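The values are calculated or read from the model by the stated rules, or taken from the named source; none is laboratory data. Just so you know, these numbers come straight off a predicted model, no measurement behind them. As a convention, Cβ positions derive from the backbone with ideal geometry for all residues, glycine included, and neighbour counts pool all protein chains shown. SASA here: full protein model, heavy atoms, side chains in, ligands and nucleic acids out. Shrake-Rupley method; radii C 1.70, N 1.55, O 1.52, S 1.80 Å.
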Amino acid sequence: MEMGLIAHECTEGRSLHVPAEGIIAEIVDEDGAAVRPGETGDVLLTSLRNDAQPFIRYRLGDRATAPLDPTCSCGRGLPVFGTVAGRTQDFLRTASGDLIGPSGVIDVVAPGEGSVIDVQVIQSADTNLRVLLLQQDMAGADAERDRIATALTELIAPPQRAEVVRVEQIPLTPGGKLRRSSRSPDER
């Protein structure tokens with residue numbers, strides 16, 4: 001909220017423009033260096049107009065993929081922002097240290113038999129996974145849970161096999177949102 005509008009969709013192109021007269025948006029690696037085009041990193045923001053409380057390279061907890069082309073087909077001179085990948089705490093860490101975003105989790109869960117209604121993956125500090133699965137009551141549901149446990153275990157490589165638990169409801173955050181994946185509070 002302190003920064004105002006960070007990027008807006010171009011009416012002519014297929015990109016997001018950064019209103020550069022008031023904000024600098026960067027997509028960086030863990031060390032604060034710019035990522036290469038197509039790579040995913042943390043979003044840093046610098047406010048150019050907030051004199052009361054300056055924000056300089058403020059890490060707001062979002063991740064984005066840097067655009068392959070820094071110019072928009074519309075011809076405007078505004079910088080192009082990348083594709084939003086999600087909140088930092090929505091990424092799971094693999095045993096090798098790589099980060100897997102919510103879309104990676106959905107890619108693993110989606111190709112099943114159709115019994116899955118919704119899923120939430122929670123990762124503990126030791127990278128173990130607990131999977132809450134909202135699932136239709138149908139033939140093959142047990143096999144679907146086993147497939148998901150195997151697939152996520154292979155993807156993340158935690159010390160123990162992923163635990164998949166069938167639930168009646170996936171809890172919402174205090175803000176009323178559903179988190180698809182998250183690291184436990186001690187990992188944020």
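When you go through T88, T65 one by one, which is the residue that is of a type in the set (S, T, Y) and under 17 Å from I156 (Cα atoms)?
Just a single option satisfies the conditions, and that option is T88.
Restricting to region 147-173, what's the tally of residues that are open to solvent by less than 40 Å² (accessible area, probe 1.4 Å) and part of a loop (DSSP other than H, G, I, E, B)? If you could, list the steps in order and put the result at the bottom.
The first filter runs over region 147-173 and keeps only residues open to solvent by less than 40 Å² (accessible area, probe 1.4 Å), leaving 148-149, 151-153, 156, 158, 162, 164-165, 167, 170, 173.
Now narrow it down to the ones that are part of a loop (DSSP other than H, G, I, E, B): 158, 162, 170, 173.
Of the residues in that region, 4 qualify.
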Given the conditions (1) among the aliphatic types (A, V, I, L, M); (2) within 25 Å of L92 (Cβ to Cβ); (3) touching an Asp or Glu at 6+ places or on another chain (Cβ under 9 Å), report the number of the one that L48 does not fulfil. (2)
Would you check which residues across region 142-163 are touching a strand residue (DSSP E or B) at 6+ places or on another chain (Cβ under 8 Å), of a type in the set (A, V, I, L, M) and closer than 12 Å to Q123 by Cα and list them? L152, I156, A162
Determine which single condition A139 fails, assuming it passes every other condition in (1) open to solvent by 70 Å² or more (accessible area, probe 1.4 Å); (2) within 21 Å of the chain's Cα centre (by Cα). (2)
Residues in region 86-93: is at least one over 17 Å from the mean Cα position of the chain (by Cα) and among the aliphatic types (A, V, I, L, M)? no
Condition met for P70 (over 30 Å from D137 (Cα atoms), loosely packed, with under 13 Cβ neighbours inside 10 Å and either touching an Asp or Glu at 6+ places or on another chain (Cβ under 7 Å) or free of Cβ contacts under 8 Å to residues at least 60 places away in the same chain (or both)): yes
How about region 110-152: which of its residues are on the phi < 0 side of the Ramachandran plot, out of contact with any helix residue (DSSP H, G or I) (no Cβ under 6 Å at 6 or more places or on another chain) and either in contact (Cβ under 8 Å) with a residue 60 or more places away in the chain or of a type in the set (G, A, S) (or both)? A110, D118, Q120, I122, Q123, S124, A139, A141, A143, A149
Between E9, E26, which is within 13 Å of R57 (Cβ to Cβ), in contact with a Leu (Cβ under 9 Å, 6 or more places away or on another chain) and open to solvent by 40 Å² or more (accessible area, probe 1.4 Å)? E26
Can you tell which of D51, D107, D42 is touching a residue at least 24 places away in the same chain (Cβ under 8 Å), of a type in the set (D, E) and either open to solvent by 80 Å² or more (accessible area, probe 1.4 Å) or in a strand (DSSP E or B) (or both)? D42
State whether one or more residues within region 87-109 are modelled with pLDDT under 90 and over 30 Å from D146 (Cα atoms). no
Single residue of region 122-140 satisfying the filter (in contact with a Lys or Arg (Cβ under 7 Å, 6 or more places away or on another chain) and among the aliphatic types (A, V, I, L, M)) that is farthest from P159 (Cα to Cα): L133
